[in-house]
Amino acid sequence: MSSLVFLDPAYPAGRLADISAPQLPVTLQGVNRGDGVFESMLYTQQTVRKFEAHLARLAISAETSDLPIPDERSWRAAVDTAVADFDATGGAEEAVVKLVAMRGELDHDPAVCWVTVSPAPRIGMEQRETGVDVLFLDRGYDSMLAERAPWLLMGAKTLSYAVNMAALRYARKHGAHEVIFTSADGVVLEAPTATVLLAQRDGDTRRLLTPMLETGILPGTTQSAIFDAARQDGWELGYGPLRPEDLYQADGVWLVSSVRLLTPVRTLDAKPIRMDAELHAQLSALADSIR
Ligand code: PLP
């Protein structure tokens, strides 16, 4: 069973609600326009992983969207209530804790905010082992657009994921599992719900690279935590611009995200990607150690 808790000033610990019953007025701008922000976190072994980093990114996304949201204490209280209810009703080995804040009916109405906890999809856990086949898809804008056009909210985690989901459906209709977006000027961006990582081995040097944030991609909390752990483990770190040929020449390419952790890329546009088994094992251990 999944759990639902609304943030509500009348209920300091959050207001438990029935996730299978209708809950939202259809007049909310969040509902009509996808005008809102969210976070997805992994809950496992009684811990919400990287809670602090997700709360920080939620606050930045909300501020970028001019959407006032409740303070951290209210979110933490609602999450505590939601995971306690989830565990009491059966729980799961791995669960997704989702934080949502959306604009109300009128601009000055308080944001409508809630937390859900639900079992993590099995497919993501399976793909950590099997890997994924990926298509490069054109995102249709150049890699410098974010700087020129702050109103596009690039780099914020907004609710408007219809394009991301459409790209995944396109990939599945064409025999792949996943997508890596490229910019109109041929720079590697991100996956619809994950950050791209690549590794290079150069003698004794192990190097980890990821696309640069200036391209307008979402700053990934998993990529950031893996970089922190890798730095301590002696890896060299770097940020793009990356091009498709960098991925073809790498010793491993992964999609990383909070719920799915580290997913190896098997093929890109049907061409095989090298996967250094030792580097994969090392990065998997780093990803598993993130708290
Ligand atoms: N990029 C996009 C577009 C995402 O939606 C996500 C996560 O959902 C990520 C990257 C990875 O972010 P994180 O590692 O913080 O989950």
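Of all positions in the range 142-150, none carries a residue that is at pLDDT 95 or above, away from the ligand (no atom under 15 Å from the Cβ), in a loop (DSSP other than H, G, I, E, B) and not assigned by TED's automatic domain parsing to the domain that holds residue 242. Within the range 203-219, the residues that satisfy the criterion of being more than 18 Å from the chain's Cα centre (by Cα) and either modelled with pLDDT under 95 or near the ligand (Cβ under 10 Å from one of its atoms) (or both) are 203, 204. Among the residues of the range 40-82, those identified as farther than 15 Å from residue 220 by Cβ, of a type in the set (Val, Ile, Thr) and either in contact with a helix residue (DSSP H, G or I) (Cβ under 7 Å, 6 or more places away or on another chain) or open to solvent by 20 Å² or more (accessible area, probe 1.4 Å) (or both) are 47, 48, 64, 69, 81. Against the test of being closer than 26 Å to residue 256 by Cα and open to solvent by less than 60 Å² (accessible area, probe 1.4 Å), the options 149, 95 yield a single qualifying residue, 95.
Residue 160: among the small types (Gly, Ala, Ser), closer than 24 Å to residue 273 by Cβ, out of contact with any Phe, Trp or Tyr (no Cβ under 9 Å at 6 or more places or on another chain) and not in a strand (DSSP E or B), yes or no?
no
Looking only at the range 220-230, decide whether some residue is in contact with a strand residue (DSSP E or B) (Cβ under 8 Å, 6 or more places away or on another chain) and under 16 Å from residue 164 (Cβ atoms). Yes, that holds for at least one residue. For the range 171-187, indicate whether the set of residues that are within 15 Å of the ligand (Cβ to nearest atom) and farther than 19 Å from residue 140 by Cα is non-empty. Within the range 171-187, not a single residue is within 15 Å of the ligand (Cβ to nearest atom) and farther than 19 Å from residue 140 by Cα.
Listed by position, the strands (runs of 3 or more DSSP E) contained in the range 199-291 that have at least 1 residues being surrounded by 20 or more Cβ atoms within 10 Å (Cβ to Cβ) and in contact with a Phe, Trp or Tyr (Cβ under 6 Å, 6 or more places away or on another chain) are 205-210, 261-268.
The values are calculated or read from the model by the stated rules, or taken from the named source; none is laboratory data. These numbers were taken from a predicted model, which means no experiment stands behind them. When we count neighbours, we look across all protein chains shown, and the Cβ atoms used for this are built from the backbone with ideal geometry, even at glycine. Just the protein is used for accessible areas: all its heavy atoms, side chains included, with ligands, DNA and RNA removed. Shrake-Rupley method; radii C 1.70, N 1.55, O 1.52, S 1.80 Å.
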